[in-house]
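Below is one structure, written out as structure tokens; comments come after it.
The values are calculated or read from the model by the stated rules, or taken from the named source; none is laboratory data. It should be emphasised that the depicted structure is a prediction, and the values quoted were computed from it without experimental measurement. Cβ placement follows ideal geometry from the backbone for every residue including glycine, while neighbour counts extend to all protein chains displayed.
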Amino acid sequence: MIAYCYMYLKSLEIHGFKSFAEKVGLTFLPPTAGRHSLTAIVGPNGSGKSNVADAIRWVMGEQSMKTLRGKKGEDIIFAGGEGRGKMGEARVTMTLDNSDQRMPIPYDEVVITRSIDRLGSSEYLICGNPTRLFDLQVLLAQAQFGHGSYSVIGQGMIDRLPLQTPSERKDFFDEACGIKEFQIKRNQAS
Ligand code: ATP
């Protein structure tokens, strides 16, 4: 019997991002019997559940502060509170299982890191190597994975789908069709 494993989010490490002053590591359940597992994060209102989803979007290259529920870049760095001073840097690391090679790079595990400091200097790393945002976006698109689409479904997003214009709705499905990679490359070239 061949055990088939789909690409999935293995773990997330958040440090200095929004409400996460302490370094927090989350480990997600692997697929079992060829099916994806479900991990639920529960907590009272305002405890930071949506900040986890924001961290996932951000590490995948999200550029829109509106989507990240902030106004300016430094809004995503821990601003201080509960007796702690503000932090100088936010860093999020996401580890994806790539044993099905859905991302066409020779790693069974792909580790993506994004960091930013208060001076605005930021960095993307793929498996420890500094990377351009463009290359990260292409890699994610090749795996039909990305921050802007169905990979991360935020609060109220499904409610808004029927109200979107056809072209906004098309954007949502382009990623699933596998054409996003080519759109990103075309935009870069023009
Ligand atoms: P709800 O269930 O109401 O949607 P939630 O658990 O999803 O809530 P979040 O929206 O993720 O909560 O978290 C909101 C909290 O994050 C607020 O307390 C807010 O003060 C805190 N927060 C957001 N940005 C920062 C920041 N830069 N520094 C410190 N705290 C922050």
Quiz item: Looking at region 102-112, is at least one residue basic (K, R) and surrounded by 14 or more Cβ atoms within 10 Å (Cβ to Cβ)?
Solution: yes
Exercise. Hey, could you check region 48-62 for residues that are free of Cβ contacts under 8 Å to residues at least 60 places away in the same chain and small (G, A, S) and say which is farthest from the ligand (Cβ to nearest atom)?
Key: A55
Exercise. Could you run through region 20-38 and say how many residues are in contact (Cβ under 8 Å) with a residue 60 or more places away in the chain and farther than 21 Å from N98 by Cβ?
Key: 1
Quiz item: Out of all the residues in region 40-62, which are assigned to a loop (DSSP other than H, G, I, E, B), surrounded by 11 or more Cβ atoms within 10 Å (Cβ to Cβ) and not hydrophobic (A, V, I, L, M, F, W, C)?
Solution: S47, G48, G61, E62
Quiz item: Any residue in region 25-33 that is at pLDDT 95 or above and farther than 23 Å from M157 by Cβ?
Solution: yes
Practice problem: Look through R132, R84 and report the one residue that is within 16 Å of the ligand (Cβ to nearest atom) and more than 22 Å from A53 (Cα to Cα). | Solution: R84
Practice problem: Consider only pairs whose beta carbons are under 7 Å apart and that are at least six residues apart or on different chains; among these, list those whose first residue lies in region 63-90 and is within 18 Å of V24 (Cβ to Cβ) and in contact (Cβ under 8 Å) with a residue 12 or more places away in the chain and whose second residue is polar (S, T, N, Q) and away from the ligand (no atom under 11 Å from the Cβ). | Solution: E89/S115; A90/S115
Exercise. Could you check S121 against (1) more than 16 Å from the ligand (Cβ to nearest atom); (2) over 21 Å from L26 (Cβ atoms); (3) under 17 Å from the mean Cα position of the chain (by Cα); (4) not acidic (D, E) and say which number it fails?
Key: (3)
Self-check item: Test: K66 is within 11 Å of the ligand (Cβ to nearest atom), more than 19 Å from L12 (Cα to Cα) and part of a loop (DSSP other than H, G, I, E, B)
Solution: no
Practice problem: Can you tell me which residue within region 5-39, out of those that are part of a loop (DSSP other than H, G, I, E, B) and among the hydroxyl-bearing types (S, T, Y), is surrounded by the most Cβ atoms within 10 Å (Cβ to Cβ)? | Solution: S19
